[in-house]
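So the structure is just underneath, and the comments pick up after that.
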Amino acid sequence: MKFEWYTEFVDTEYTPKPSDLIVKFRVQPAQGITMEEAAGRVASESSVGTWTTLTTMKPEIKRLMAKAYKISGNIVEIAYPVELFELGNMPQILSSIAGNIFGMKAVERLRLLDIKWPKEIIESFKGPQYGIDGVREMVKVYDRPLTASVLKPKIGFTAEGHAKAGYEAWIGGIDMLKDDENLSSQKFNRFEERAEKCFKMRDKAEAETGEKKIYLINITAETKEMLRRARLVKSLGGEFVMVDILTTGWAAVQTVREECEDLKLAIHAHRAFHAAFTRDKTHGMSMLAVAKVARLIGVDQLHIGTVVGKLESPLEEVKAIRHSLIEDLDHIKKTFPVSSGGLHPGLLPEVMRIFGVDFVVQVGGGVWGHPWGGKAGAMAVRQAIEATLKGISLDEYAKEKPELREALKKWGYVKPR
């Protein structure tokens, strides 16, 4: 008696419709399972199928079957009818295409590599409120990478100490002071006090430098608390909030995006936790797919790696993620790529060769580890950018720039591990 029907979800003669959502997987079948059988199981479990034939499977339901239409080696592409999804509901979409399938015994390893959105789904999301052009207009910087810095040590400062250090970075030339992923509202540095003191120091830095300064303050918390913190940021004159998008969850990110539209606040997205499921190239979900989801929901800035820094980030992967954030996508604005993790002035020419000028370069230890302190570290970052834009080597430029010279003396061109 036949009770399995997984292979009916494989149709290599099928041509995807423009309205289909397309997902590319890398599939490693379990022992004793063919690639066709594994592909069918993935398509089945992520759409209308299950382990057995059903008396309730009516023709009008069966037409919603996902179809594994292309199998090339261990790469499988599956087309999903758009009717399977609730428009504008990212948790539901991901529960469908990245839900139970990772736990199936029929697959030894499964990797969600890429997603191609149909127009109907794209139109159901707002995308970034500001995007690259809007953030540049906010900061009034159009011809160079924007600069950001996380205060180091990343956690442990009092609110007053945090604000004073932030001021040093701002007056040294940093555009954006950023909280790190694990700083929220601890006893030694309460959110409200830090926000109040930092925005006052930001105003002071703006008055002294004539440059626009931004504070990327981390509002990550329970969803209602994030909304309260966002409103506080707005009341204090802030323009941005930061959210740990993966630990808060996509539903919370969508809620924050809605609130931030009302408040006219941009969103800086930290990707903390991503490597738990993106780093293994044979299993989990790629950072490329994460980036596409984040852009569609509407973050204005997103960390994507450095290639040359301390975090694992292969060149081709970073380039693909960057492209996904800045390619034309219907009405969706471009998300600002952020390069971060183990950077210092000596690495910036190489980073700029990879990213161009439309990115945010975030330097933490490479600012706060400068022998002369944070202000000099910030100055060295700006000097490295200036030298690169002028086509002058850092060694040559450093002859007239003591802050850059000291940075190179300490770090040279070392790539942290």
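The numbers here are math on the coordinates, done by the rules we state, and not lab data. All values derive from a computational prediction rather than experimental measurement. Virtual Cβ from ideal backbone geometry, glycine too; neighbours counted across all protein chains shown.
Magnitude of the charge dipole for the chain, about its Cα centre and with charges confined to Cβ atoms of Lys, Arg (+1) and Asp, Glu (-1), is about 920 debye.
Once fully extended, how much extra length lies between Ser393 and Thr50, figured as 0.36 nm per residue of separation less the alpha-carbon to alpha-carbon distance? Each step should come with its number before you reach the end.
Values: separation 343, 0.36 × 343 = 123.48 nm, distance 6.13 nm.
Going from the current span to full extension adds 117.4 nm.
Taking 7 Å steps out from each Cα toward its Cβ at Leu64 and Asp262 produces label points 3.2 nm apart.
Each residue of region 82-94 was assigned a 3J(HN,Hα) from its phi angle through the Karplus expression (A = 6.51, B = -1.76, C = 1.60, θ = phi - 60°), giving 4, 5, 5, 10, 7, 4, x, 10, 5, x, 5, 4, 6 Hz with x at Gly and Pro.
Residues whose amide H lies under 5 Å from that of Val338, counting only those 5 or more places away or on a different chain, are Leu302, His303, Ile304, Val360; hydrogens are built 1.01 Å from N in the peptide plane.
Principal-axis analysis of the Cα atoms of the chain puts helix 287-297 at an angle of about 80° to the longest axis. Return one number: the angle in degrees, 0 to 90 and rounded to the nearest 10, between the long axis of the Cα atoms of helix 374-390 and the longest principal axis of the Cα atoms of the chain. With both axes taken from Cα atoms, the answer is about 70 degrees. When only the Cβ of Lys, Arg, Asp and Glu is charged (+1, +1, -1, -1), the dipole of region 308-356 relative to its Cα centre reaches about 200 debye. Across the alpha-carbon atoms of the chain, the computed radius of gyration and Dmax are 23.6, 83 angstrom.
When the chain is treated as a Gaussian network with alpha carbon springs shorter than 10 Å, the biggest mean-square fluctuation among Ser95, Ser124, Ser72 belongs to Ser72.
Out of every Cα-Cα pair that region 9-122 contains, those further apart than 21 angstrom amount to 31 percent.
Computed over region 120-235, the P(r) curve from all C-alpha pair distances, binned at 10 Å from the origin, holds 13, 41, 33, 11, 2 percent per bin. With 10 Å bins beginning at zero, the pair-distance distribution over Cα atoms of region 299-417 amounts to 15, 44, 30, 10, 2 %. For the chain, averaging the sequence separation of C-alpha pairs within contact (under 8 Å, six or more residues apart) and dividing by the residue count gives a relative contact order of 15 percent. For the chain, adding -39500 (n - 2.57) for each run of n ≥ 4 DSSP H residues and dividing by the number of residues yields -11500 deg cm²/dmol at 222 nm.
Looking at region 131-411, what % of its DSSP beta bridges pair antiparallel, to the nearest 5?
Counting only bridges with both partners in region 131-411, antiparallel ones make up about 10 percent.
Remark on Arg109: its backbone amide H falls under 5 Å from those of Gln28, a criterion applied only to residues 5 or more positions apart or on other chains, H modelled at 1.01 Å from N.
In this structure, Phe188 and Thr209 have a Cβ-Cβ separation that, at R0 = 25 Å, corresponds to a calculated FRET efficiency of about 0.30.
With respect to the chain, whose longest principal axis is taken over its alpha-carbon atoms, helix 35-45 is tilted by about 80°. Let me check I've understood the local charge: for Pro18, count other residues with C-beta under 10 angstrom from its C-beta, Lys and Arg +1, Asp and Glu -1. What total comes out? Every neighbour counted, the sum reads 0.
Where does the charge balance sit around Thr56 when Lys and Arg score +1, Asp and Glu -1, over other residues with C-beta under 15 Å from its C-beta? Don't jump to the answer; show the numbers that get you there.
On the way: positive: Lys58, Lys62, Arg63; negative: Glu60.
Neighbour charge sum, excluding Thr56 itself: +2.
Over 30 Å between Cα atoms, which of Lys178/Lys319; Lys197/Lys264; Lys116/Lys281; Lys187/Lys410 qualify? Checking Cα-Cα distances, Lys187/Lys410 exceed 30 Å.
Normalised by the number of residues in region 353-417, the average gap of Cα pairs under 8 Å and 6 or more apart makes the relative contact order 27 percent. Note on Lys119: lysines with a C-alpha under 16 Å away, same-chain residues under 8 apart excluded, are Lys17, Lys292, Lys333. Remark on Leu216: its backbone amide H falls under 5 Å from those of Leu177, Lys178, Asp179, a criterion applied only to residues 5 or more positions apart or on other chains, H modelled at 1.01 Å from N.
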